[in-house]
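The values are calculated or read from the model by the stated rules, or taken from the named source; none is laboratory data. None of the values given here were measured: they were computed from a predicted structure. Cβ coordinates were reconstructed from backbone atoms using ideal geometry, including for glycine residues, and neighbour counts include every protein chain displayed. Please note that ligands, DNA and RNA were not included when accessible areas were found on the heavy atoms of the full protein model with its side chains. Shrake-Rupley method; radii C 1.70, N 1.55, O 1.52, S 1.80 Å.
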Amino acid sequence: MAARQKELIAAVCVAAMLSGASLVRLAQANPTGFAPQIQNNPARRIVSLVPNVTEILFAIGAGPQVAGVSSYDDFPPETKALPRVGALLDPDTERIFALRPDLVIVYGSQTELEGQFARAGIRVYAYRHAGIGNVLQTIRDVARLAGRTADGDRAVRDLQAQLDTVRARVRGRPRPRTMLVIGRDTGALRGVYVSGGVGFLHELLDIAGGDDLFADIKRESVQPSNETMIVRAPDVIVELWPGSQPSAETLQRERAVWNLLASVPAVRNNRVHLLYGDYLLAAGPRLGRAADTLARALHPDAFPVADLKGPSR
Amino acid sequence: MMPAAATTRRPASGIQARLAAIVLGYGALAAAVCLLAPLVGSTHISLARAFDRSIPFADNVDAQIFFVARMPRVLTGAVVGATLATAGVVMQALLRNPLATPFTLGVSAGAALGAILVITFGAGVTVGVLSPVPVASLAGALLAAAIVYALATRPGRTISTAVLLLAGVTLNSFFSALILFVQYMADFTQTYRTVRWLMGDLDVGSFEPIVASLPLVLLAFAMFAVLPRSLNLLSVGADSASTRGVDVARTQRLAFLSSSLATSAAVSLAGPIGFVGIVVPHLVRLMVGVDHRLVLPASALFGAAFLVGCDLVARTVLAPVEVPVGVVTAMLGGPFFLWLLVRKS
């Protein structure tokens, strides 16, 4: 056998061993596949499938790092120009990969999707929907991932301060038993959904100085019958509607729907409030504003007339 | 549960006497359930206080519960139960298929599409006392019935039940696809609300929607009233019915239109409450036999009692949380129906 041939065989063997070893090393590093290892650098290209987390990212100044958003994102307005990649039920995995993200924010229930990105070596943050404490923690988490820990801490402090301000404003005042309506068929007292004893809306009501009429039912939403509403007799009814305020005529008609429950104190004492705005139902940085709006409806006399507008944020 | 007057033995005195006995027996059952149901609920009320005229209505919580929360529910349950059960009887006779329901030919899918469009996109019209969702579901139901009717009927010819069934089932699937598409475009809370609508709900809150549904319901029942004899012959077969002097084409059209109108009214009032339209007719046939002159009135009365009873379970069993009434009818009706199938085969 010629020397050259021996050398070649040796070289091939060495190369094979080396590549085999590196394959083994790679496999050990990531048993589910041969993807590159996940880095801990701040995420530069973030895809968010969760609208309220998108909102958080923009609020902490990470807006320029957002590369794609869900089909439901509409706040802040900058999101409208970004690529849409589906949502909870219809995430478009291919489009997300095509955006070359280094952080994907998914819902906690999207475990398959989570695994898919993890196998591809893309960091995943699974958002879980819960109370206000969870919103604050989410702000801290995504701020850290986006390399904006200081901005995140500031946003958390701001939000906490806003909530504390509202809490202080209504402290010591009688707390009306409040039914917080989060859904209803238009023009009828049917399909009524109210906040139960868990979740950020329940906590928001608590901060705004109201006692949740359905606090004993430990669910985020409850569908009470007309009988239950009559029997529980709320002092105040607050309806939260997404979107902007409708015409005065519609408003009047929708409020008049409640006149059916004539014996309910909220109806008798004209304390049925219809509040409109997407920010009222978004578990994100605008919670402070939502708490303020809610507190003004529950305790109008706690807010001087000159201060009618509320915080602008 | 079976009323004493409605035994399966055939009395010698003929159909009139049996009809009288059935109407009396089942009528007593329905009346008893409808009188009992408003007295029971998640809370205890005092009847004396509820009917005490000296207390202003706005101060009288017992009266509010009785007249706003319970009576409309019970009446809705009675109207919808009677309507769906009789529509089921007629549909089974028309299609000569024991598995037919009031929803087989796409009427409920059309209603659901209408309701879901309004729930998802928010717009919609208010007609008199009817709020946008009932208006849209009524429109959708009537549209679906009109499409099936146009597809399956030819002037002067009898309806082929195969064509009718295929047209209805296809339209059902088509509307269901549209519903899925709309749901897909909707956000989570809207999707949840539409799913809830599909389970049915009798808590209408006032008498106005019930009164508004009555013209259609009464028209349908008037049409039912002239059908029984022809349906008896039709359920044997179109050919033998026509040799016995039945105007088959006219009977089929009347049967289709009446059951579609009845179903449209019921579904727009309370959503597509399942199983009433299939379980009640079969239960009633077990008890009174197959003569439509007896099955139709008995189904109407028993259907009313059945749905009011199911709603009583729905609103009390997990109080203060409610079970959707459609879940209760399916949970009670499903196993029963399977038992019936196994027993018959």
**Study point:** Residue check for residue A:167: within 14 Å of chain B (Cβ to nearest Cβ), more than 24 Å from residue A:43 (Cα to Cα) and surrounded by 15 or more Cβ atoms within 10 Å (Cβ to Cβ)
**Key:** no
Review point. Among the residues of region B:74-96, is any in contact (Cβ under 8 Å) with a residue 60 or more places away in the chain, more than 18 Å from the chain's Cα centre (by Cα) and more than 23 Å from residue B:308 (Cα to Cα)?
Key: yes
Practice item. State the number of residues belonging to region A:66-86 that are surrounded by 21 or more Cβ atoms within 10 Å (Cβ to Cβ) and either touching a residue at least 24 places away in the same chain (Cβ under 8 Å) or within 14 Å of chain B (Cβ to nearest Cβ) (or both). Key: 6
Exercise for review: Identify, from the list A:227, A:203, the residue that is in contact (Cβ under 8 Å) with a residue 24 or more places away in the chain, of a type in the set (D, E, K, R) and buried (at least 18 other Cβ atoms within 10 Å of the Cβ).
Suggested key: A:203
Review point. Can you name every residue in region A:242-269 that is under 25 Å from residue A:206 (Cβ atoms) and more than 10 Å from every other protein chain (Cβ to nearest Cβ)?
Key: A:255, A:258, A:265, A:266, A:269
Exercise for review: Working carefully through the options B:226, B:248, B:211, B:204, find the one that is away from every other protein chain (no Cβ under 14 Å) and surrounded by 15 or more Cβ atoms within 10 Å (Cβ to Cβ).
Suggested key: B:248
Point to revise | Condition check for residue A:292: closer than 22 Å to residue A:171 by Cβ, open to solvent by less than 70 Å² (accessible area, probe 1.4 Å) and either within 14 Å of another protein chain (Cβ to nearest Cβ) or part of a helix (DSSP H, G or I) (or both) | key: yes
**Study point:** Evaluation of residue B:66 against (1) farther than 19 Å from residue A:230 by Cα; (2) of a type outside the set (Lys, Arg); (3) at pLDDT 90 or above (one fails), failing number
**Key:** (1)
**Study point:** residue B:182 vs. criteria among the hydrophobic types (A, V, I, L, M, F, W, C), within 14 Å of chain A (Cβ to nearest Cβ) and assigned to a loop (DSSP other than H, G, I, E, B)
**Key:** no
Practice item. Output the number of residues of region A:170-200 satisfying the condition of being in a strand (DSSP E or B) and either within 13 Å of chain B (Cβ to nearest Cβ) or open to solvent by 10 Å² or more (accessible area, probe 1.4 Å) (or both). Key: 8
Review point. Any idea which of B:45, B:55 is within 14 Å of chain A (Cβ to nearest Cβ), open to solvent by less than 20 Å² (accessible area, probe 1.4 Å), over 30 Å from residue B:192 (Cα atoms) and among the hydrophobic types (A, V, I, L, M, F, W, C)?
Key: B:45
